[in-house]
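This report refers to the structure that appears directly beneath it.
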Amino acid sequence: MNIPKEVMKFCAKCNKHTKQKISIYKAGKRRGSAIGERRHNEDKKGYGGQKFPKLAKPAKTTKKVTPIIMCTICKTKINKYGIRIRKFELT
Ligand SMILES: [Zn+2]
């Protein structure tokens with residue numbers, strides 16, 4: 001699916017249609033020293049550590065992508081709801 005890089009859309013802050021840039025959300029790098037990560041590693045240790053089975057046959061064949069729409073005038077960013085597509089391309 002081709003996603004346009006720039007679109008004319010309504011901006012709630014500017015209260016008019018403005019040119020807006022589209023990018024795709026990417027998860028940040030996980031830090032091993034973060035408290036949640038350390039706690040999770042501690043929970044998984046030892047007998048009975050793996051609390052849920054790893055998915056062998058996932059039901060979904062696609063992953064969700066989250067477009068981020070940024071107004072070029074006021075720089076407001078809005079995360080849109082995720083859409084399921086197999087392959088995307090910013091054009
Ligand atoms: Zn704006």
For this session: Scan the stretch 1-46 residue by residue and report those that are away from the ligand (no atom under 16 Å from the Cβ) and touching a Phe, Trp or Tyr at 6+ places or on another chain (Cβ under 8 Å).
Result: M1, N2, I3, I24
Exercise. Between residues in the stretch 28-44 that are touching a residue at least 60 places away in the same chain (Cβ under 8 Å) and residues that are surrounded by 11 or more Cβ atoms within 10 Å (Cβ to Cβ) and small (G, A, S), which pairs lie under 8 Å by C-beta distance while being six or more apart or on different chains?
Worked result: none
Seminar exercise, completed: Among the residues of the stretch 62-91, the number that are within 16 Å of the ligand (Cβ to nearest atom) and either in contact (Cβ under 8 Å) with a residue 12 or more places away in the chain or on the phi < 0 side of the Ramachandran plot (or both) is 12
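FYI, it's all coordinate maths here, none of it is from the lab. Since the structure is predicted, the reported quantities are computational estimates derived from the model, not experimental observations. As a convention, Cβ positions derive from the backbone with ideal geometry for all residues, glycine included, and neighbour counts pool all protein chains shown.
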